[in-house]
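Novice: Pasting a structure below so you can have a look.
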Amino acid sequence: MISGLRDFLESIEDWPEIKSIIPGRIKRTGIHTALKLKVQYPTDTGLKCQAQSGGAIQEVFVVTSVPDVLARKLNNL
């Protein structure tokens with residue numbers, strides 16, 4: 001996982017809206033930033049998000065039955 005992502009995911013894993021979190025592919029970038037999580041779009045089972053940190057981007061899939069509620073909550077962090 002990219003830098004800081006595990007701690008962040010562990011901090012939200014007990015939210016009642018979240019059924020499962022599935023980290024995905026990692027791609028290198030030339031941009032070095034602190035951890036940022038962006039909700040990209042809803043999927044059939046929840047949300048696809050993108051985490052960026054330390055010169056890399058990682059996909060994060062979140063399984064939820066209330067994607068709109070969870071997206072708002074994540075965007076307000």
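Novice: For the subset of segment 2-47 comprising residues that are touching a Ser or Thr at 6+ places or on another chain (Cβ under 7 Å) and of a type in the set (Gly, Ala, Ser), which member is surrounded by the most Cβ atoms within 10 Å (Cβ to Cβ)?
Specialist: Step by step, filter segment 2-47, then rank; the result is GLY46.
Novice: Now for a different question. Just checking, does segment 48-60 include any residue being in contact with a Ser or Thr (Cβ under 8 Å, 6 or more places away or on another chain), outside any strand (DSSP E or B) and open to solvent by 80 Å² or more (accessible area, probe 1.4 Å)?
Specialist: no
Novice: Counting only residues that are more than 13 Å from the chain's Cα centre (by Cα) and in a strand (DSSP E or B), how many does segment 1-37 have?
Specialist: 2
Novice: Now a separate question. Of the numbered conditions (1) modelled with pLDDT of 95 or more; (2) surrounded by fewer than 18 Cβ atoms within 10 Å (Cβ to Cβ), ASN76 fails exactly one; give the number of that condition.
Specialist: (1)
Novice: What residue, among those in segment 61-73 that are touching a residue at least 40 places away in the same chain (Cβ under 8 Å) and open to solvent by 20 Å² or more (accessible area, probe 1.4 Å), is nearest to ILE18 (Cα to Cα)?
Specialist: Filtering first and then ranking leaves VAL63.
The values are calculated or read from the model by the stated rules, or taken from the named source; none is laboratory data. It should be emphasised that the depicted structure is a prediction, and the values quoted were computed from it without experimental measurement. We place every Cβ from the backbone using ideal geometry, glycine too, and count neighbours over all the protein chains shown. Heads up: the accessible areas ignore ligands, DNA and RNA and are worked out on the full protein's heavy atoms, side chains in. Shrake-Rupley method; radii C 1.70, N 1.55, O 1.52, S 1.80 Å.
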